[in-house]
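Contents: one structure, followed by commentary.
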Amino acid sequence: MCAAEPFPTGPDAAGVVPLASGGLLDVLNVAAVLLDTEGRIDLWSPQAENLFGYSADEALGEFAGRLLVHEEQLEVVLGLFAQVMEDGVSWAGVLPVRHKDGSTRLVEFRNMRLLDDQGDYYALGLATDQTTLREVERNLALSARLVTQSPIGLGVLDTDLRYVLVNPAEERLNGVPAAKHVGRHVHEVLPFLDESFEATMRKVLATGTPVLDQYTVGRTPADPDNEHAWSISFHRLEAPNGKVLGVVTSSVDVTERHRAVQEQRRTVLTLQRSLLPQTPPQRPGLAVASRYQPAQAASEIGGDWFDVIALGGDKTALVIGDVMGSGVSAAATMGQLRTATRTLAYLDLDPAQVLQHLDHITEDLEHHTIATCVYAVYDPLSAQCDISLAGHLPPALLHLDGKHELLDLPTGTPLGVGEGAFHTTTLALDPGDQLVLYTDGLVERRDQPIDACLDTLLALLDDPHRSLDETCELLLHALRHPGDHDDVALLIARVGRTLPGRSRPPSPAARIQP
């Protein structure tokens, strides 16, 4: 191959890949020097110029001993040279070398005898700065010791996501020996892992952006019958010259914490659901459907609640609320407020009065609590709904003709603030109208403004003839996303025919009356 020929890239050149500068050999800056049998310099590499300071013009043809060795070490060095040339036994060691600038540097040498096709001998010396070499050796030794002794599972995979190396901790986590990792694809070793595991690694390879503490749940070959959990971080592995070598995974087993969280989640859900009506009662002149959907994590399950309360005179109280906070404490507080709301409802008070009493009750709870609430009372005889808000998002109203709106009501202040003035608004409803009450988990998104989410909610209320259960499922499916960090309570009530016994208000055009 002449110098002008292109570098081979076809199938026959598999595994032969030209490298950019910056690799380990460049870090070591290995110099090559070739001496004839008399010890004169015949070949002088650019790295030799960098290491010793002499240019090729200055070095070629010179006696290496006189150029590079101090007088006091010259005899020893010449003896080593003669031994290599006579016996053909390679020699390795450290020599103090005289640099062109007059300084002395310790250089690590590897010397060996070469034979050409004419039967002539030469001495090849490979040299590198000892300080640089020791630094690289220390770094490698430290890295190896850290990898081996680390309690964190470490795995190195190439760009095809095949294992190159795993440490003992990773062997234990996966329940697979290191020898059965190396050369195998990640899903060959861990077939029970979720597909997102591979997708995350490919994203890290493509972007170089690390992914930290990804919560991964799966099963291992060592324990295929039980679910395990890991917190895994992913980093792209690059050579000093920037070449992408693969991806490094660091794994911590969090199975015990995962199981404790799952148990806590079951406890909170049991408490939460025991305090909510399982099937809302169907009331005179009113059809009702409801849903409760918890957050994914136990620590994020809050105090959302709804209730449908039968009152005298065929009236019905519709309630939905949200206790700030999460976990067992929020669920227990929700139970207290739900009980208090039911007690106040039976007194047949105006909705604003009910919220006023709830505000005082919330203030007196043992733990400082803030909650939002909607309290509405529907009278099927007059087809009127009295409604009051305590810092809650406005209900939506879907009319039988398909028009929809967010009710423009006085917002009030959340319960527990103690400074709230609550207002009751009277709505005149027609048969077929649907009142949609919900907690903020249905419409709040961290990456979207609340107004856009509310507009989406209204747009989904596009069919007044759809069953209430279907509407509930539609809203949850369209507005909720996997891993949402808040729970949701949803309550939809559809107005039936006006019951006989009392006439409608004389002014049906006034839908919202203060």
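The values are calculated or read from the model by the stated rules, or taken from the named source; none is laboratory data. On a predicted model such as this, the values are computed, not experimentally measured, just so you know. Cβ placement follows ideal geometry from the backbone for every residue including glycine, while neighbour counts extend to all protein chains displayed. Keep in mind that these areas ignore ligands, DNA and RNA; they rest on the heavy atoms of the full protein, side chains included. Shrake-Rupley method; radii C 1.70, N 1.55, O 1.52, S 1.80 Å.
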Sparsely packed chymotrypsin sites (Phe, Trp or Tyr not before Pro) within the stretch 181-263, loop by DSSP, other Cβ within 10 Å at most 11: none
task: Please give the net charge around GLU188, taking every other residue with its beta carbon less than 10 angstrom from that of GLU188, where Lys and Arg add +1 and Asp and Glu add -1.
output: +3
Area of MET201 that stays accessible when all protein chains are in place (1.4 Å probe, Å², to 10): 0 Å²
Accessible area (Å², 1.4 Å probe, nearest 10) - SER231: 20 Å²
message: Is there a quick way to get the dipole size of the chain? I mean about its Cα centre, with the Cβ of Lys and Arg at +1 and of Asp and Glu at -1; what is the value in debye to the nearest 20?
response: 1800 debye
- request: Return the calculated 222 nm mean residue ellipticity for the chain, to the nearest 500 deg cm²/dmol, obtained by summing -39500 (n - 2.57) across DSSP H runs with n ≥ 4 and dividing by the residue count.
  value: -9000 deg cm²/dmol
- request: Find, among the trypsin sites (Lys or Arg not before Pro) in the stretch 49-154, those assigned to loop by DSSP (not H, G, I, E, B) with at most 15 other beta-carbon atoms within 10 angstrom.
  value: LYS100
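Net charge near VAL166: determine it from the other residues with C-beta under 11 Å of the C-beta of VAL166, scoring Lys and Arg +1 and Asp and Glu -1.
On the way: positive: ARG172, LYS180, ARG184; negative: GLU170, GLU171.
Counting the neighbours of VAL166, the net charge comes to +1.
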- prompt: So, counting K/R as plus one and D/E as minus one, what does the shell of residues with Cβ under 10 Å around ARG219 add up to?
  reply: -3
- prompt: Rounded, prolate or oblate: which fits the stretch 363-408, taking a ≥ b ≥ c as square roots of the Cα gyration tensor eigenvalues, rounded meaning a/c under 1.5, else prolate when a/b beats b/c?
  reply: oblate
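Let a ≥ b ≥ c be the square roots of the eigenvalues of the Cα gyration tensor of the stretch 47-132; is it rounded (a/c under 1.5), or, if not, prolate (a/b larger than b/c) or oblate?
prolate
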query: If you plug each phi of the stretch 371-379 into the Karplus form 6.51 cos²θ - 1.76 cosθ + 1.60 with θ = phi - 60°, what whole-Hz ³J(HN,Hα) values come out, in order, with x for Gly and Pro?
result: 9, 10, 7, 10, 10, 10, 10, 9, 10
- prompt: Candidates (i) 13; (ii) 48; (iii) 16; which is the computed percent of Cα pairs over 45 Å apart?
  reply: (ii)
query: So what is the relative contact order for the chain, in percent, with contacts set as C-alpha pairs under 8 Å and at least six apart?
result: 10 percent
message: Given axes a ≥ b ≥ c from the Cα gyration tensor, I'd like to know whether the stretch 366-456 is rounded (a/c under 1.5), prolate (a/b larger than b/c) or oblate.
response: oblate
- line: Expected vector for the stretch 155-163, Karplus 3J(HN,Hα) from phi with 6.51, -1.76, 1.60 and θ = phi - 60°, integer Hz, x for Gly and Pro, equals x, 10, 10, 7, 5, 8, 6, 9, 5
- prompt: Taking only the alpha carbons of the stretch 162-271, what extent do you get along each of the three principal axes, in Å, biggest first?
  reply: 57, 29, 21
- request: Please name whichever of PRO380, MET334, THR37 sits farthest to the positive end of the charge dipole of the chain, dipole taken about the Cα centre and charges placed at Cβ: Lys and Arg +1, Asp and Glu -1.
  value: PRO380
